[in-house]
Amino acid sequence: MTASSSPSDLADSDRIFELAAELFGLMAAPMRLRILSALCDGERSVSQLLEKIDTTQPNLSQHLNVLYKSGVLSKRKEGTQVIYRVQSEKAVTLCRAVCTQIAIEVDEPLQLPIAERLLARAVA
């Protein structure tokens, strides 16, 4: 602990790191990133998501449930359909920033200086 840090400051920063790790863990599944991407331009039913995402209905429903319970997505019923939409724009913004940076690194691995890369190694 530094002279300017109090135990309360350290506890606050620990909590921030824990919450950030929780969000990164939630977004660590490629299927969840696909779901977020599919919902970025508007709400969709489960059947509409299945048309955009190559997976099974049980697998999709499991990931939708995780995202819903975490507060990233919200849902509503419309007849027999369940319609999902993005609830946390901040989670989408974070994922979009990371995925965009990685796409740049994959497309142009040698163009970025090492200090500007997210990936430690050049992607080939």
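The values are calculated or read from the model by the stated rules, or taken from the named source; none is laboratory data. Keep in mind the model is a prediction, meaning the values are calculated, not measured. Note that each Cβ is placed from the backbone with ideal geometry, even for glycine, and that neighbours are counted across all protein chains shown. Remember, those area values only see protein heavy atoms, side chains included, never the ligands or the DNA or RNA. Shrake-Rupley method; radii C 1.70, N 1.55, O 1.52, S 1.80 Å.
Take the conditions of a type in the set (A, V, I, L, M), surrounded by 15 or more Cβ atoms within 10 Å (Cβ to Cβ) and in a strand (DSSP E or B) and apply them to ILE35. Does it pass?
Considered against the rule, which asks whether it is of a type in the set (A, V, I, L, M), surrounded by 15 or more Cβ atoms within 10 Å (Cβ to Cβ) and in a strand (DSSP E or B), ILE35 comes out as no.
Just give me the residues in region 57-73 being among the hydrophobic types (A, V, I, L, M, F, W, C) and surrounded by fewer than 17 Cβ atoms within 10 Å (Cβ to Cβ), in sequence order.
VAL66
Give all pairs with beta carbons closer than 9 Å in which a residue from region 39-59 that is without any contact (Cβ under 8 Å) to a residue 24 or more places away in the chain meets a residue that is open to solvent by 90 Å² or more (accessible area, probe 1.4 Å) and small (Gly, Ala, Ser); count only pairs at least 6 apart in sequence or on separate chains.
Partner pairs satisfying both residue conditions: none exist.
In the set ASP41, ASP54, which member is more than 30 Å from GLU116 (Cβ to Cβ), assigned to a loop (DSSP other than H, G, I, E, B) and open to solvent by 90 Å² or more (accessible area, probe 1.4 Å)?
ASP54
Against the condition outside any loop (DSSP other than H, G, I, E, B) and within 22 Å of CYS99 (Cα to Cα), how does ALA20 come out, does it pass?
Yes, satisfied.
Since ARG85 meets every condition but one in (1) in contact with a Lys or Arg (Cβ under 8 Å, 6 or more places away or on another chain); (2) part of a helix (DSSP H, G or I); (3) open to solvent by 50 Å² or more (accessible area, probe 1.4 Å), which condition does it not meet?
For ARG85, the failing item is (2).
Six or more apart or on different chains, Cβ atoms under 7 Å: show the pairs whose first residue is in region 104-115 and at pLDDT 75 or above and whose second is open to solvent by 100 Å² or more (accessible area, probe 1.4 Å) and not polar (S, T, N, Q).
Pairs that qualify, where the first residue is at pLDDT 75 or above and the partner is open to solvent by 100 Å² or more (accessible area, probe 1.4 Å) and not polar (S, T, N, Q), are GLU105/LEU118.
Find all pairs meeting these conditions: Cβ atoms under 7 angstrom apart; at least six residues apart or on different chains; first residue within region 9-23 and of a type outside the set (Phe, Trp, Tyr); second residue surrounded by 11 or more Cβ atoms within 10 Å (Cβ to Cβ).
LEU23/ALA91
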